[in-house]
Structure formats: structure tokens, C-alpha cells
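Data first, discussion second: the structure below is written as C-alpha cells.
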Amino acid sequence: MCYAPPMRDPAIRVILLPRDTNASGSVFGGVILSHVDLAGVVEARKHAAKDFVTACMREVEFTEPVYVGDVVSFYTETLRVGTTSVTVGSRSRPRGRRTRHRRCGSRRRRSSTSRWTSRGARFP
């Protein structure tokens, strides 16, 4: 069953390029993780205009390959706001270049993003 994101704009939307592919012609998982990370920061910055770094990523599941030319939308939601961290849920939805239909790329991608600081400052 395909996850249907809420009717809202994605945190980011990217088109995947030939440089992002592996030997089998699909996009590297690390490229997708990089975009998941960026989408998480976009969501976290809604809560504080601070610098963020990724503390951890959990429950990443790749259910279908993504190919060159696919446009992938990354949808995010804030799951929890702590005193020094923001937990963000993220899901992706690729749209195939050739088929023009939506495919499910992942069931659940979740990342916990915490604020980077050298002094231990907290969110306002």
C-alpha cells in the first residue's frame, strides 16, 4: 500500500541526476539519505533559526528503487520538540520520469535532528 502524504508542499523536491546512480542504474541509498537529512533540517528550522546537525536516523526502509530523472518529494513533520533537539519524521514520494505516475519510495524515514552548539544553549 502506498503512503499518501498530506495535501501540502514537500519540505524539498529534487530531480535525481546520472551522478547519483550506482552500477545497477538506480540511485545510491546514500544520496536519498542526504536528501532526507536536508528535509529534516528544513522542518527543524521552523522551530528555531539555529544551526542543526543530525544526531541519528532510525527506521530507514527502502521499498523500491529510484532512477535517474525521477522527481522525489520529501515530506516532513515534527514529532517532538525537546529543549535541545527536534525529532522529525520524513517520507519520500518519487514520481517516475518515464511513467509519470507516483511510486512509493519508502514507508517510513525518520530522523532525529539536534541543534549544533558548542556552549550547550537551549531553544528559546
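So if each residue of separation counts as 0.36 nm, and I subtract the Cα-Cα distance between F62 and R80, what length gain in nm does that give?
4.1 nm
Taking R0 as 22 Å, what FRET efficiency do you get between F28 and V71 from their Cβ-Cβ distance, rounded to the nearest 0.05?
Numbers: r = 17 Å, r/R0 = 0.77.
The computed FRET efficiency comes out at 0.80.
Read-outs: derived from the displayed coordinates by stated rules, not from any lab. Bear in mind that the values here come from a model prediction, so they are computed numbers and not experimental data. Neighbour counts run over all protein chains shown; Cβ positions are idealised from the backbone, glycine included.
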